[in-house]
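Computed from the coordinates by the stated procedures, all read-outs in this text should not be read as laboratory data. Remember, it's a predicted structure, so these values are computed and weren't measured experimentally. Every residue, glycine as well, gets a Cβ built from its backbone with ideal geometry; the counts of neighbours run over all protein chains shown.
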Amino acid sequence: MENLIANFNFVIVVILMMIGLWSMLAQKNLIKKCIGMAIFQTGIILFFISIGAKDNALIPILTEAANHTYPDPVVAKVGNPLTQILMLTAIVVGVATLGVGLALAQKIYQQHSSFDEDEILENERK
Amino acid sequence: MSTLPIWQFDVLLLILVVLFAVVALSIRNLMGAAVVFGAYSFMMCLIWAGMGAVDVAFTEAAVGAGVSTVFVVSTLYNTGATVQRRTGGLAFKLFIGVVVTLAGAFLLSALPDFPDWGDAESPANAAVAPYYITHTIADTHVPNVVTSVLADYRGFDTLLETTVVFIACIAIYSIMRVDKAKLETDEPAIVAVPRYDPGDSLIVRQASRFMVPFMQLFALYVIAHGHYSPGGGFQGGVILGASLILLAISFDLKSLLRQWSEKTLMLLVAAGVFLYAAVGLACMFMGGDYLDYGFLDSVLPGERDMARSHGILLVEIGVGITVMFSMIAIHINLASNGRFDRGL
Amino acid sequence: MTEQLPIIIILGPLLGATLAAFAAWFRPRLSQPLVVLGLVISSAAALKLVFIVADAGAQKYWLGGWGPKQGHGVVGIQITVDYLNTLLLAAVSGIALLTSVYTRRLVDTELAGRQRYFYALFSLLVTGLLGITITGDIFNLYVFMEIAALSSYALIAYGRGRAYMAAFNYLIMGTMGACLYLLGVGFIFAKSGTLNIDDVSAIIPELGQSKALFVGFVLILLGAWAKMAFFPFHGWLPNAYAHAPTASAAILAPLATKVAIYAMLRVMVTVYSIDYIIHSPGIQSLALYLSSLAIVIASFFSLTQTNLKKLASYFVLSEIGYMVGGAWLANKPGLTGAMVHVVADAAMTSALFMAIGCIVYRLGQAQLDDLKGVFFKMPVTMAAFVVTMAALIGVPPTCGFFSKWYLIQGAAQAGVWHFVAALLLSSLVKAIILFRIIEIGYNRVPHPAIEGNPAIPRNEAPLSMLIPTAAMALGLIALGLGTSTLVNTIIAKALPAALAP
């Protein structure tokens, strides 16, 4: 049962990432491209978090109330903090990129009155 | 914990997440796509909380489900574009679909090589991470291992992350800001007058008036208490920023700008990064390496070995300042199309 | 003091940018001098480190004092200055310094009224590029990559008009590249548990034929290729660099793609080791074919261009083909050629865009056919331009000749004849284009020195632009003459000892 869940997790991660990637490359609407980008990035974050998950472990905050954590923590019972830090950074980078993408999309709309890539290219050729 | 049907929840959430992603990308109404995207972020946040990554879930709830959705909605509001055009180009989409499927298959081929899920002895869990868990109290006196790694062991990454937020803020400012003097001559305005004036709603105004002080108090608690509970500079900063964005949305963008002028906002954005970098420089002046807070113990109050804990608090405050004002400035730019007068 | 030099290289532009962001609201004219000051400090530190590394070997620095711990490896973030990156650090900071002085006039004309944050973004871009080069941690590289990327999107978008769509396309491709890179890092982390480059390179040989490591390598490679605009991910580059304001193109074109190539080299040589590369022959031949294709297609397109900036962008694309091909030849001359060419090409592209910027500043446009008489109007600029084109073609004693020589030697040794043919073809195309420009700029007007012909007034570029351009062009020759010294003292030591000669 555990094995199936584990593999299922990874398969979902790959499916999510590919959905996001497809949207970034194939969709013509600029807003959909931005949303696809965000989905691709959150898929990668889910992948990293899955790597750092530990069975029956507590959150990585050492407290006296929780067993096996304070002051001599049992490492197997405390969640992996390293992957979580990396993903905090990744989330913030993701929202920064999304913000810049949306600003550019807004400026493009202002010029061409459309979010659709085909219409924009036609407009630029004129 | 072991008696709850956790795996059923996990499977349900994972399926929902894929469903929401597909819906968000295929729905033609762009406002609807933004809302479903917010729901998608929230489901992700629940999955991560279920896996024990509470700080990450906290950040995603604030940043992903909260602020990102507001950014997309502001962009759409400003442009008035709500429906996606039905386009052709099926051949190209199929081609990309094939490429992406092959890429997915390539990624899945590595699956058998991975360590078992949840294995506490896997390389990722057993190489460097145990050092942080076993030494955080001795080195930094900070029980929240995520905070101590974020701000001390890997503090350089966090300085750079704060710089990324700073860059996004000034980049969006540079891209969007339109000078009032050139307003009529240069670029045409897009959506003129909103059909619904938010200033008319008594309920929204009074409710936000009531909520904002509590939000800000909670955000300050999150920053200050990040050593002992889930939280820290980023989460607190985003909540502070969100409280002011709420004011801007429920009242008027102009009333927010009366309290926080454009110049103040942009200066404070840079001030947070400067504070973080300056703390590191101070460590160098005291004889240590960059960002080695242990050398600050002669200038910081408290006992000698609390120096790292106080150093972490100082940089978290710097992070909070930059993130708070960046979120506000980005929202104002996106919502008012750079004109800084009227917006969502 | 000298052990703090590595971090000073990064702190110079970072603090310069923050102070420039403050100054932008009080005394805007102060932004540029602050950034120049930061870059002076950074270049001085980088230059000193070149000599230190040549004497004493690799210099390692652990941020926060968190170095290697017993049984765990390095627990903090490490930055390393070793034989592979010390020359590039000096080159990037030096070129950025010259460009920051050079762009003042262009910013005042092209970006009038909007230049509040230009120099802050400029300095942040340089911080990101220097950081990618100096870091010894694979996740830290991702964050620095995004710093450089976000700054470059904003710098390109300053061009308005078509620049917005170009910047958006660059954003999508760049984010795709960065995310693929991050995913690759995830695969490596899942198998090794550490993010430090030295520790990972020690663990990978022990893991043998691991599928996850292979997939991770391919993902990192694809990410780097998207960032460096390697064929077939090159679509975004010509538009982005042509529609960006010349001031932005002058800093982006020479440095952004070279640093991405360095990142690929670092992963190939240090993290995975050349043995691994040689035992994956499938990718090697694919990469070599793609390199030759990149060179040939870019050369072909450059023949049809009428805009100087677009022409220069296609040159950049073909040069990228040289470096990737040289790296994937995986023998001593090939890798030496690639490493020399990274530094040489940064200098050549910088000189090229500086010369084009001078022309744009004075003539107001950059169309090829409107360059009549430019050799008389701007003699010094065009002299620098001719020297740069000679370097790109590969004429001795410029640096372009020596790097091309190593690459051809390496390709002949490995028997990859299509690469040799592509290299020679691109030189031929560049020569054709140079002669075309000489013909338009020199021959199509009556020569003013001959009696009875109208005089053509000299309209040279201002000194603040002319001196960096001339210095860069002279630097190409100096670099060429100094190549053998550099190769023997530094580059040869960066290559693994067990490499095929």
Q | Axial C-alpha extent at least 24 Å, average Kyte-Doolittle at least 1.6 - helices from chain B (DSSP) | A | B:6-26, B:30-50, B:90-108, B:155-176, B:233-250, B:262-285
Q.
Suppose every Lys and Arg Cβ carries +1 and every Asp and Glu Cβ carries -1, with no other charges. What dipole size does the protein assembly as shown come out with about its Cα centre, to the nearest 20 debye?
A. 2840 debye
**Q.** Average beta carbon contacts from partner chains per residue of B:96-103, 10 Å cutoff
**A.** 5
Q) With the dipole of the stretch C:130-240 worked out from charges on the C-beta (+1 for Lys and Arg, -1 for Asp and Glu) around the Cα centre, which of C:Ile188, C:Tyr164, C:Ile138 lies farthest toward the positive end? A) C:Tyr164
(Q) Based on alpha-carbon centroids, what's the gap between the stretch B:86-116 and the stretch C:327-373 in Å, whole number please? (A) 37 Å
Q: Starting from 0 in steps of 5 Å, tell me what percent of the Cα-Cα pairs of the stretch B:146-344 lands in each bin.
A: 1, 8, 14, 17, 16, 13, 11, 8, 6, 4, 2, 1, 0
Q | Protection proxy ranking, peptides C:61-70, C:362-371, average beta carbon neighbours within 10 Å, highest first | A | C:61-70, C:362-371
Q | Distance from the stretch C:407-432 to the stretch C:130-166 (C-alpha centre basis), Å | A | 32 Å
Q) Dipole magnitude of chain C about its Cα centre, charges +1 at Lys/Arg Cβ and -1 at Asp/Glu Cβ only, in debye to the nearest 20? A) 880 debye
(Q) Can you tell me how the stretch B:72-178 classifies by the Cα gyration tensor, rounded, prolate or oblate, using a/c under 1.5 as the rounded cut? (A) oblate
Q.
Using a 10 Å cut-off around each Cβ, can you sort B:Glu316, A:Glu122 from fewest to most neighbouring Cβ atoms?
A. A:Glu122, B:Glu316
Q) Over the stretch B:1-138, what is the relative contact order in whole percent, taking alpha-carbon pairs under 8 Å and six or more residues apart? A) 18 percent
Q | Cα gyration tensor, the stretch C:45-149 - rounded (a/c under 1.5), prolate or oblate | A | oblate
Q) Helix A:81-112: angle to the longest alpha-carbon principal axis of chain A, degrees 0 to 90, nearest 10? A) 10 degrees
Q | Gyration tensor (alpha-carbon) shape descriptor, chain B, a/c threshold 1.5 | A | oblate
Q. Taking amide H positions as placed 1.01 Å from N in the peptide plane, with prolines and chain starts having none, which residues 5 or more places from C:Val74, or on another chain, fall under 5 Å of its amide H?
A. C:Lys69
Q. Which of B:Thr69, B:Gly50, B:Val299 sits farthest toward the positive end of the charge dipole of chain B, with +1 on the Cβ of Lys and Arg and -1 on the Cβ of Asp and Glu?
A. B:Thr69
Q) Taking θ as phi - 60°, what are the ³J(HN,Hα) couplings along the stretch C:181-196 by the Karplus curve (6.51, -1.76, 1.60), each to the nearest whole Hz, with x for Gly and Pro? A) 4, 4, 4, x, 4, x, 4, 4, 5, 4, 8, 10, x, 10, 10, 7
Q: Please report B:Val178, C:Val343, B:Val273, B:Val319 as a ranked list, fewest other C-beta atoms within 10 angstrom at the top and most at the bottom.
A: B:Val178, C:Val343, B:Val273, B:Val319
Q: Give the angle, between 0 and 90 degrees and rounded to the nearest 10, that separates the Cα long axis of helix A:30-51 from the longest principal axis of the Cα atoms of chain A.
A: 20 degrees
Q) How well do other chains shield peptide C:76-88, expressed as the mean number of their Cβ atoms within 10 Å of each residue Cβ? A) 2
Q: Determine the dipole magnitude for the stretch C:282-501: charges of +1 sit on the beta-carbon of Lys and Arg, -1 on that of Asp and Glu, nothing else is charged, the reference point is the Cα centre, and the result goes in debye to the nearest 20.
A: 80 debye
Q: With a point put 7 Å past each Cα toward its Cβ, work out how far C:Ile477 is from A:Glu64 in nm, to one decimal.
A: 7.7 nm
Q) Dividing the Cα radius of gyration by the Kirkwood radius, what Rg/Rh value follows for the stretch A:2-125? A) 1.19
Q.
Can you return the lysines within cross-link range of C:Lys60? Criterion is Cα-Cα under 24 Å, with same-chain partners fewer than 8 residues away left out.
A. C:Lys48, C:Lys69, C:Lys258, C:Lys493
Q. What list of ³J(HN,Hα) couplings, whole Hz, do you get for the stretch C:98-113 from phi and the Karplus terms 6.51, -1.76, 1.60, once you set θ to phi - 60° and write x for glycine and proline?
A. 4, 5, 5, 6, 5, 7, 3, 5, 5, 5, 5, 8, 6, 10, 4, x
Q. log₁₀ I(q)/I(0) of chain C at q = 0.08, 0.12 Å⁻¹, via Debye over equal Cα point scatterers, no solvent, to two decimals?
A. -0.46, -1.06
Q | Cα gyration tensor of the protein assembly as shown - equivalent ellipsoid semi-axes, whole Å, descending | A | 43, 34, 28
Q) So, in Å, what gap is there between the alpha-carbon centers of the stretch C:61-77 and the stretch A:6-64? A) 29 Å
Q. Using just the C-alpha positions of the stretch B:1-63 as equal point scatterers, what log10 of I(q)/I(0) does the Debye formula give at each q in 0.12, 0.14, 0.23, 0.27 1/Å?
A. -0.33, -0.44, -0.92, -1.07
Q. What order do you get for C:Ser248, C:Ser427 when you list them from fewest to most C-beta neighbours inside 10 Å?
A. C:Ser427, C:Ser248
(Q) Please report the net charge: other residues with Cβ closer than 14 Å to the Cβ of C:Pro448, K and R +1, D and E -1. (A) +3
Q.
Based on Cα coordinates alone, diagonalise the gyration tensor for the stretch B:1-158, multiply each eigenvalue by 5, take square roots, and list the semi-axes in whole Å, largest first.
A. 36, 23, 17
Q | Degrees between helix C:417-438 axis and first principal axis of chain C (Cα, 0 to 90, nearest 10) | A | 20 degrees
**Q.** In Hz, Karplus ³J(HN,Hα) per residue of the stretch C:73-86 (6.51, -1.76, 1.60; θ = phi - 60°; x = Gly, Pro)
**A.** x, 6, 9, x, 10, 10, 10, 10, 10, 10, 4, 6, 10, 5
